[in-house]
Amino acid sequence: MSKSISRIYIRLPNWIGDVCMSLPSLQAVLETGCEVVICAKPWAKDLLSGIKAYDFIALSGKWLEDRHLIKVHQQQKPSLGKSVGLLLPDSLTSALTFRLAGLPCAGYRDDGRSLLLKWPVSKPTDALHAVESWYYLTKTALTYWGFSPSEKVSPYLSLALTQQHQQEADRIIASLNHQPFILIAPTAIGKHKGREKVWPHFDELTRRLQQENYLVVMAPPPNEKEMALKNAPTATLLPPIGLGAFVALLKKATIVICNDSGVSHLASLGAPHQLTLIGVTEPTRTGPWSPSAKIVGKMDAWPSVDEVLTQIKQVI
């Protein structure tokens, strides 16, 4: 069937960490040589802007509006062959949106949406990491369509960045007089089963690192600035930057210390060292997908400051 397919619309997940974990699936779709149209939240456009040979539809989150956006895209940019859709989210609305836009789609059987899918895929019985689960879906769909994706998912996440991303990160590093720095991310949006996902000792950790003459910085998004200043008031606050530039900055950090949050997954895109601190989550399925990432703590047991410092000293 691949000879007749010329365009693939891929619906990415809604959260930053999930988009990072879906990158191997996106790469497999790009490697088909088809036109690729990424359908995702508006913020993902900057993060993914270094990827070549794709188009982007910024979704509103309202299925009627999004159906219209996809329909208009097809009308304004007619495909040379058949167009298909790949739905990484399990939601009923994502399947309904693509179906009403006229796209035959592949996706997991879930949320009562099998009748909306041209190629419904049963979830694997094995407990897989989210990276592996989305890649399994992608591999299965591409095989249905006549392509030959790699059998195994890469143990690394990777993301191409733009020159602008690099330059923005370099400007921030220059403002720090090119000093080595430790980057902390002392925030996390939302709760896990009603419990805060933020490690409660960022302030003490920051002060103890500063006593040893380490430069500790943070670069929260504007909506998390107040929380970051509350949790680590003595850390050097960097100006707000876009997601792509933030990834470039993470790659320059001596180590990244974060909660089980989107920053953990952004750091997996190239930070040389990272510590993800957990105490209320189970990271088996959604932990950072990186050989250089280390998880400290466990479910129902936050790590102490001394435990975190011991891990930091092993890599810096």
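Computed quantities for the displayed model
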read-out: Qualifying residue in segment 134-145 (condition: at pLDDT below 95, part of a loop (DSSP other than H, G, I, E, B) and either in contact with a strand residue (DSSP E or B) (Cβ under 9 Å, 6 or more places away or on another chain) or open to solvent by less than 50 Å² (accessible area, probe 1.4 Å) (or both)); value: no
read-out: Number of positions in segment 151-185 that are assigned to a loop (DSSP other than H, G, I, E, B) and either under 21 Å from the mean Cα position of the chain (by Cα) or β-branched (V, I, T) (or both); value: 11
read-out: Top-ranked residue in segment 260-284 [being more than 12 Å from W199 (Cα to Cα) and at pLDDT below 90; ranked as least open to solvent (accessible area, probe 1.4 Å)]; value: P283
read-out: Segment 275-294, residues that are part of a strand (DSSP E or B), touching a residue at least 24 places away in the same chain (Cβ under 8 Å) and either over 13 Å from L205 (Cβ atoms) or touching an Asp or Glu at 6+ places or on another chain (Cβ under 6 Å) (or both); value: I278, A293
read-out: Output for segment 193-214, where each listed residue is closer than 19 Å to V263 by Cα and assigned to a loop (DSSP other than H, G, I, E, B); value: K197, V198, W199, P200, H201
read-out: Subset of segment 28-54 that is touching a residue at least 60 places away in the same chain (Cβ under 8 Å) and either β-branched (V, I, T) or out of contact with any Leu (no Cβ under 8 Å at 6 or more places or on another chain) (or both) - its residue that is surrounded by the most Cβ atoms within 10 Å (Cβ to Cβ); value: V29
read-out: One residue from N231, N213 being at pLDDT 95 or above and on the phi > 0 side of the Ramachandran plot; value: N213
read-out: Selection count, segment 234-255, where residues are over 18 Å from L47 (Cβ atoms), β-branched (V, I, T) and not in a loop (DSSP other than H, G, I, E, B); value: 2
read-out: Enumeration of residues in segment 96-112 that are touching a helix residue (DSSP H, G or I) at 6+ places or on another chain (Cβ under 9 Å) and not in a helix (DSSP H, G or I); value: A101, G102, L103, P104, C105, A106, G107, Y108, D110, D111, G112
read-out: Answer residue from segment 301-311, given it is surrounded by fewer than 20 Cβ atoms within 10 Å (Cβ to Cβ) and under 25 Å from the mean Cα position of the chain (by Cα) and is farthest from K252 (Cα to Cα) among those; value: W302
read-out: Hits in segment 80-97 (condition: touching a strand residue (DSSP E or B) at 6+ places or on another chain (Cβ under 8 Å) and of a type in the set (A, V, I, L, M, F, W, C)); value: L80, V84, L86, L87, L88, A95
read-out: Residues of segment 98-118 classified as farther than 26 Å from L157 by Cβ and either touching a strand residue (DSSP E or B) at 6+ places or on another chain (Cβ under 9 Å) or open to solvent by less than 30 Å² (accessible area, probe 1.4 Å) (or both), total; value: 11
read-out: Residue satisfying all of: in segment 196-235; surrounded by 18 or more Cβ atoms within 10 Å (Cβ to Cβ) and among the polar types (S, T, N, Q); nearest to F181 (Cα to Cα) among these; value: T206
read-out: Selected residue [modelled with pLDDT under 95, of a type outside the set (K, R) and out of contact with any helix residue (DSSP H, G or I) (no Cβ under 7 Å at 6 or more places or on another chain)] from L115, L26; value: L115
read-out: Pairs, first without any contact (Cβ under 8 Å) to a residue 12 or more places away in the chain in segment 59-88, second surrounded by 13 or more Cβ atoms within 10 Å (Cβ to Cβ), C-beta under 7 Å, six or more apart; value: S60/D66
read-out: Condition check for I57: open to solvent by less than 50 Å² (accessible area, probe 1.4 Å) and in a helix (DSSP H, G or I); value: no
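The values are calculated or read from the model by the stated rules, or taken from the named source; none is laboratory data. Remember, predicted model here, so these are calculated numbers, not experimental data. When we count neighbours, we look across all protein chains shown, and the Cβ atoms used for this are built from the backbone with ideal geometry, even at glycine. Accessible surface is based on the protein model in full, side chains and every heavy atom, while ligands, DNA and RNA are left aside. Shrake-Rupley method; radii C 1.70, N 1.55, O 1.52, S 1.80 Å.
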